[in-house]
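Below: the structure, in structure tokens.
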Amino acid sequence: MENIKYIPPGRLSGKISLPASKSITHRLLVMAALSGKPCTIRNP
């Protein structure tokens, strides 16, 4: 039998680097809008 460890959800923070493309930039803009916090998007 496997042991399963439950980790309760928490807040995420950090930086990510994405390759430039129209669809990825659009997804990034949606994520920034849903975050409800100020976001900086560089090199879209």
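The values are calculated or read from the model by the stated rules, or taken from the named source; none is laboratory data. All values derive from a computational prediction rather than experimental measurement. As a convention, Cβ positions derive from the backbone with ideal geometry for all residues, glycine included, and neighbour counts pool all protein chains shown.
Miscellaneous remarks
- Annotation note: Cβ proximity below 9 Å between a residue of region 9-32 that is within 15 Å of ASN43 (Cβ to Cβ) and a residue that is part of a helix (DSSP H, G or I) (sequence gap 6+ or interchain) occurs for ILE16/LEU28; LEU18/ILE24; LEU18/THR25; LEU18/ARG27; LEU18/LEU28.
- The numbered conditions (1) modelled with pLDDT of 85 or more; (2) surrounded by 10 or more Cβ atoms within 10 Å (Cβ to Cβ); (3) among the hydrophobic types (A, V, I, L, M, F, W, C) are all true for LEU34 except (2).
- Given (1) among the β-branched types (Val, Ile, Thr); (2) surrounded by 10 or more Cβ atoms within 10 Å (Cβ to Cβ); (3) modelled with pLDDT of 85 or more, number of the condition ILE4 does not satisfy: (2)
- Unique residue being polar (S, T, N, Q) and either modelled with pLDDT of 85 or more or surrounded by 10 or more Cβ atoms within 10 Å (Cβ to Cβ) (or both) when the list is SER17, SER13, SER21: SER21
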